[in-house]
Structure formats: structure tokens, C-alpha cells
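The block underneath contains the structure these notes are about, expressed in C-alpha cells.
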Amino acid sequence: EYYNNTSLSGKPVGTCIESVSDRWWMGQAETSPVKGLCFETFSGRWTTTLTSEFDDESTFCIDVQGSGQMFLNGKLLFKTHPYHEIFDWGIGSAVVKLRKGVKYNFCFEFVKFHTNFPMHIKFYTKGTSKCEDLQIPANLAASCDAAIVFAGYEDNAESEGADKENMKLPGNQDRLIEAVRNANPNTVVVLNTGVPVEMPWLDRIPAVLQAYYPGQEGGNAIADILFGKVNPSGKLASSYPKCLQDTPSYINFPSGREVRYGEGIFVGYRYYDTKNIQLLFPFGHGLSYTEFAYSKLQMPKKIRSDMNITVKATIQNVGKMAGQEVVQLYVADTESTVSRPEKELKGFAKVDLKPGESRVVEFTLDKRSFAFYDVVDHDWKVEPGKFDILIGSSSRGIRLKGTIVLP
């Protein structure tokens, strides 16, 4: 039901059955849910019934451009709280315990105030179910040669304009992985997540594939990788800590509407490597169905700060399958008078090698490769001293090391 006022009063301007729970109205008549609705200011009421298939615990959530409130069986569950003042955005949620077979009546009322922005309203549940019968997938896994568990977040869990509450897989996915692994040791976990997650089961799982969100052809791509048709050659673009408390922003976040970036330059791998924190997987990590050998590091021993130098290394595919390797170069300032990360990524190169094939990769380093930003002089500065040149397959997988002296 929709009303041309902000009080849900009088006769509705129109009613309809919504087939979606995530609706955008762009201000044009063709996008309006009912005819005659005043786009700039209106109110509405959505009602629906839900019957749970389990004794369940779920989090019901709403996002609305304006304000809203949700009722369960006529009782107020929550009202939205302002999230974004410019867009007049409100969000709200509540955890609801549901009983199997019981019908529940939900009512969501919302008001859109006068703004120049499109209207957006979203009603959804987070997958917090803890009570499904895990014996069913476990029995199925036990009857197979191998088991594949796809785990991750639903499509509304990772988006712009909101921060995650933790690094855990939602619902009972960790328990599902454990149950399947206990039934079949040959269990592969495929993660559909855009961010690192905690993996309490990692030491008992022989293979994990980070698939991110690969799109509509993702199933075919993942099948090609799992069955060995294609050699995976990706590298992690971020470090994967063991838990939320290990992250560099944990102490400073959340901090209300004003966020303090207290970690300074020590973000990502720079923080983890400098603090020597144990990780699930380091920045730049990525395995494949072959192996690569690093050798023959070539570089000058002494240079001036105004010189460009070339660093070379030989990479060989010593395995039995063609594959790609992302070679990474890090620079470590060993004698700095200011606080600097243990090492910093200054270059990378991707090489495609057949079994037995080798190739020389080259990196060019200039003054900025050794410099830090001087906050007093407001300029990049290079101090004399020793710099380690580190070549590796990840921030923790250093294979070659050399030292350059800047007089």
C-alpha cells in the first residue's frame, strides 16, 4: 500500500503485489510501483507472511531512503536509525527466533521525505540459521570420492556504504564444512567472498579455492580448475589474517561517524610483516599445479640515489604442467631514521611458462623505490645506507635476496 503523505493515512493511492524485496525508484512514472504516486514525498506499508522450515534464528534487516519500522505479529521489532544524512538513509535489524511450521506476519512501514535522490528500499534476511540437519550433506559426502563445499556471503552482505561486523562465515557454514570433512577427508572448500574470512577448519581441509565473485561463467571456470583442465595462477590481493583482532584497524574501528585511521602507513601486508603476525595466507600468495624455481639474482651492489637500476631474476617452471607465476619485488630499508614498514612492494611481473621453460624477469627501480615521504620538508627523501632487494612469490615467500648500498 502506498500513500501520498508521510503518515500512512487516508486511502492508499494504490496497492500492488511486489515480486521483489529490493526496489529502486528512479523518479520516472514507469519505475513507480503504483500510478499517481508523488515521488518526492510518500509513505508505504509492505506486509507478508513467512513460514520457517526449521527451528531457526535469522536476522531481519531493512535499508530505506527515509525512515522505517518493522513489526512481527503486530509487535514492533525495530525502527531504523539514520545512517547517511546526505542521502537521508536509514537502516535497522533485529534477530528473530522462528519455530518450524509457524506462520509469522511481517509488516514494514516506511516514509520517504523530500530529497533529490532516487528512492531505494530493501528488505532481507541474513543467513544466521544454526539448526539445519548437517547429517544430510555429511551422509552424501561419505558416499562420494570427494566433496566440494561452496561457502561465502549472500549478495547483500558485501556492498558499498556498510561495514562488516566480523570476519566469520555467516550461519552454520563452518559447522557444515567440519561435518562434510569428518565424513570425507577429500573435501575441497570453494570460497565466494570478496574479503578475507576466518577459517577455523583450515588445518583439516586439503584444498581451498578462493573464487571471489566470478560471475555467470564462474561455475565453468571453477570446474575447469578443480578438475585440472586449467592451472590456477591467481595471487591474493590482500593478506588473510587469522582473526579480526589481528587486523591493523581493529583498535581504531569502529569509532562512530568519524573514522580514525590510526594505523598510518602500516596497512595490509606492511603491518602484518612488520609486526610478524601469523597469517592464514600472506599478501601475494597463490598456489598452482606446478612449481617454480627462482635463481640468478642480478643487480648492482652500489648506486646513487638519482640512478635508475635494473634488477633481474630467472624463473623456471620445474613442474609438469604449464602455469603462470607472479614474481614480486620488495625493498627493505635496513638503516632508516624514520619508522618504515619492514618491506614494501615496488614491482611485480607475471610470466607464463611451460614445463621446464625458464625466463628472465626484469624490474626497474628509481629514486622513489627507496624513498619515504618527509612530513617536515613535504618531499620524498632517500637516506644513505643499505637496502635489501627481495624477490619472491608472496610477501612471506621470499626466494632471492640482495643488498644495495646508497652512499
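The table for this structure:
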| item | result |
| --- | --- |
| Potential lengthening between Val95 and Ser339 on full extension [0.36 nm per residue; Cα-Cα distance subtracted] | 83.3 nm |
| Stokes-Einstein D in µm²/s, Kirkwood radius over Cα pairs - the chain at 4 °C with 1.567 mPa s viscosity | 50 |
| Kirkwood estimate for region 212-259, i.e. one over the average of 1/r between Cα atoms, Å | 14.2 |
| Asp352/Lys11 FRET efficiency (R0 56 Å; Cβ-Cβ; nearest 0.05) | 0.25 |
| Of Met299, Met70, Met307, the one that fluctuates the most in a GNM where the chain has Cα springs shorter than 10 Å | Met307 |
| Cα coordinate range in region 213-298, projected on the principal axes (Å, largest first) | 48, 44, 21 |
| CD proxy at 222 nm, helix term only [per DSSP H run n ≥ 4: -39500 (n - 2.57); per residue of the chain; nearest 500] | -2500 deg cm²/dmol |
| Near-label residues of region 156-185 by backbone N, under 18 Å of a point 7 Å along Cα→Cβ of Ala207 | 177-178, 180-185 |
| Chain lengthening between Asn182 and Thr49 when straightened (0.36 nm per residue, less Cα-Cα) | 44.1 nm |
| Average projection area in nm² (convex hull over Cα atoms of region 324-407, one quarter of hull surface) | 6.2 |
| Cα-based radius of gyration of region 223-354 once divided by 2.2 N^0.38 Å, which approximates compact folds | 1.32 |
| Net lengthening on full extension, Lys75/Trp380 (0.36 nm per residue, minus Cα-Cα) | 103.7 nm |
| Hydrodynamic radius by Kirkwood, which averages 1/r over all alpha carbon pairs of region 131-258, in angstrom | 16.3 |
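Bear in mind that the values in this text are calculations on the coordinates, not laboratory data. This is a predicted model, so every value here is computed, not measured. Cβ sites come from the backbone with ideal geometry, for glycine too, and all protein chains shown count toward neighbours.
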